[in-house]
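Here is the structure we will look at, set down as structure tokens.
The values are calculated or read from the model by the stated rules, or taken from the named source; none is laboratory data. No experiment lies behind these values; they were computed from the predicted model shown. Cβ sites come from the backbone with ideal geometry, for glycine too, and all protein chains shown count toward neighbours.
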Amino acid sequence: MSDPFSQALILLALIAVLASGALAVQVARGRRQLELAKCQAEEREQRYRSLFDSSLAGIALLAADGKLLEWNSKLALLLGMPEIADADASDLVRPIEWQSEATALAMLARQRQPGEHSETSFIATDGIRRWVSLRYWPMTDGEEAPFWLLVHDVTGRQQTRTLLRLAQQTYVSISEAIMITDVTTRIVEVNPAFERMTGYAREEVIGMRAALLRSPRHEADFFAGMWRDLEKNGHWVGEIWNQCRDGAVIPCWMHIDAVKEPKYGNVTHYVGVFSDISERKSVEDRISFLAHHDPLTGLSNRFSLDVVLPQSIALARRNGQQVALLFADLDHFKAINDTHGHATGDQVLIEVGRRLTQVVRESDFLARIGGDEFVILLNEVDDTDDALRVASQMMDAFRSPIIAGGTAVSVSLSIGISLFPVDGEEPSTLLGHADDAMYRVKTGGRSGYRFHSSAVDQAARTDRPHP
């Protein structure tokens, strides 16, 4: 049996072994915890870095003085630089050309409250102007704490806003009237030009049918054709007469387009754009009138005669009737001009046209084809008596003098008559024969009438000047 001292040594050794083992266990456990913590930290760092770099927004961590501490590649792209791979603190040693732009944006963001939105534009280092939305958050309390900067590219949104603003201004300023309806043709919007053109206030027409502009100038077939074009082609273009609020009917040039939803192609709205073409129509009508009428007397001209005479001949041929052409020339008209002046001569011509107009029927045609030459075309002539009656009335219309330029001017006519089909079947032939007959009246003493055909003239006993 050992002594007490030896037993104590053994006990101490045993305690030391046990303590050493326990310490080893604690050390091993600590190492495992450290390794686990390191793995977790690396995992969190990886998740953070992945989120940081894949963000659609530009993100930067800046010191209180605006110096860049960390950033993601999106920020570099927004500021006009190529994408920087693996951006981290080591990049701080590289020159950063867009440092000033990033600092300027950060200082601008800090003029607002943390998290408050602000927008600005700048020209990036690639020369492109960009619009960005800015927000910032401090990492900790205190003015000297680093802060986060969040930068979103809103250039597309800003461009859309600009386009919408311009479209709105165009909608308001455009001189053409715009009317937007839903698919049932109820009006949902009109522009100021619509109000000015139609007299309807916007508040009056919203919710009304577009048919409130429909005028009695169009039959149902017109609108049926319009709808066929809209359904087939998605648009319609043409001239239309619209009725205004005061009842006036104005000619308009109109475009109607069907608006379809992108996904299914169903029509959701119709957009009608129209302009008042009253002035243009007036000019066109005036041009047409001048093209077909004598500007002095307002009577039809030679061009109109060349259009109407073939039509009259064709109709008479189809109906088995005759056409009479009376070619009248004023006697001694040159002397009137020489004695009294051209102004008086013009007044004489105007009065001659007025008196001849009173002689012809509505179915007949009267034209001034030369300086003092007039032609009357008689339609639906049954025999020579019709032509004789009109010729006699023409002579009687000038038994009283014409007052022109304060002077009483005596006027007489020499009239030549040709008949279809007796004297020819072509317009030029009939006109030439009537001119020849008139010339024979001139050479025979003037102031009378005769037919081109001698046989007809003899039968009608008109081969002498009119008494």
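State all residues of segment 151-197 that are touching a helix residue (DSSP H, G or I) at 6+ places or on another chain (Cβ under 7 Å), surrounded by 13 or more Cβ atoms within 10 Å (Cβ to Cβ) and in a helix (DSSP H, G or I); if no residue qualifies, say none. Steps first, please.
Of the residues in segment 151-197, the ones touching a helix residue (DSSP H, G or I) at 6+ places or on another chain (Cβ under 7 Å) are 151, 153, 172, 174-179, 181, 185, 187, 190-192, 195.
From the residues that got through so far, the ones that are surrounded by 13 or more Cβ atoms within 10 Å (Cβ to Cβ) too are 151, 153, 174, 176-179, 181, 185, 187, 190-192, 195.
Listed by number, the residues that qualify are Pro192, Glu195.
With respect to Val237, determine if the residue is more than 30 Å from Arg368 (Cα to Cα) and not in a loop (DSSP other than H, G, I, E, B).
Values: more than 30 Å from Arg368 (Cα to Cα): yes; not in a loop (DSSP other than H, G, I, E, B): yes.
So Val237 passes the test.
For segment 414-443, give me each residue that is in contact with a helix residue (DSSP H, G or I) (Cβ under 6 Å, 6 or more places away or on another chain) and of a type in the set (A, V, I, L, M). Don't jump to the end; show me each part of the working.
The initial filter retains those residues of segment 414-443 that are in contact with a helix residue (DSSP H, G or I) (Cβ under 6 Å, 6 or more places away or on another chain), namely 414-418, 420, 423-424, 427.
Those that are in contact with a helix residue (DSSP H, G or I) (Cβ under 6 Å, 6 or more places away or on another chain) and of a type in the set (A, V, I, L, M): Ile415, Ile417.
Being in contact with a Lys or Arg (Cβ under 6 Å, 6 or more places away or on another chain), modelled with pLDDT under 95 and either within 29 Å of Phe274 (Cα to Cα) or among the hydroxyl-bearing types (Ser, Thr, Tyr) (or both) is the requirement here; does Ser118 meet it? Don't jump to the end; show me each part of the working.
Numbers: in contact with a Lys or Arg (Cβ under 6 Å, 6 or more places away or on another chain): yes; modelled with pLDDT under 95: yes; either within 29 Å of Phe274 (Cα to Cα) or among the hydroxyl-bearing types (Ser, Thr, Tyr) (or both): yes.
Yes, satisfied.
Take segment 300-356 and flag every residue that is of a type in the set (A, V, I, L, M), more than 26 Å from Phe451 (Cβ to Cβ) and in contact (Cβ under 8 Å) with a residue 60 or more places away in the chain.
Passing the criteria: Ile336, Ala343, Val348.
State all residues of segment 102-146 that are of a type in the set (D, E, K, R) and surrounded by fewer than 17 Cβ atoms within 10 Å (Cβ to Cβ); if no residue qualifies, say none.
Step one: of segment 102-146, the residues of a type in the set (D, E, K, R) are 110, 112, 116, 119, 126, 129-130, 135, 141, 143-144.
The answer is Arg112, Glu116, Glu119, Asp126, Arg129, Asp141, Glu143, Glu144.
From the list Asp229, Asp221, Asp246, which residue is loosely packed, with under 11 Cβ neighbours inside 10 Å, of a type in the set (Asp, Glu) and part of a helix (DSSP H, G or I)? Let's see the steps before the verdict.
Numbers: Asp229 fails: loosely packed, with under 11 Cβ neighbours inside 10 Å; Asp246 fails: part of a helix (DSSP H, G or I).
Only one candidate passes the filter, namely Asp221.
What do you reckon, is Arg389 free of Cβ contacts under 8 Å to residues at least 40 places away in the same chain and assigned by TED's automatic domain parsing to the domain that holds Gly298? Let's see the steps before the verdict.
Numbers: free of Cβ contacts under 8 Å to residues at least 40 places away in the same chain: yes; assigned by TED's automatic domain parsing to the domain that holds Gly298: yes.
In short, yes.
Just give me the residues in segment 105-128 being in a strand (DSSP E or B) and free of Cβ contacts under 8 Å to residues at least 12 places away in the same chain, in sequence order. Show your work before the answer.
Let us first name the residues in segment 105-128 that are in a strand (DSSP E or B), namely 118-123.
Listed by number, the list holds a single entry, Ile123.
Can we say Gly424 is without any contact (Cβ under 8 Å) to a residue 40 or more places away in the chain and buried (at least 19 other Cβ atoms within 10 Å of the Cβ)?
Details: without any contact (Cβ under 8 Å) to a residue 40 or more places away in the chain: yes; buried (at least 19 other Cβ atoms within 10 Å of the Cβ): yes.
Against the criterion (without any contact (Cβ under 8 Å) to a residue 40 or more places away in the chain and buried (at least 19 other Cβ atoms within 10 Å of the Cβ)), Gly424 qualifies.
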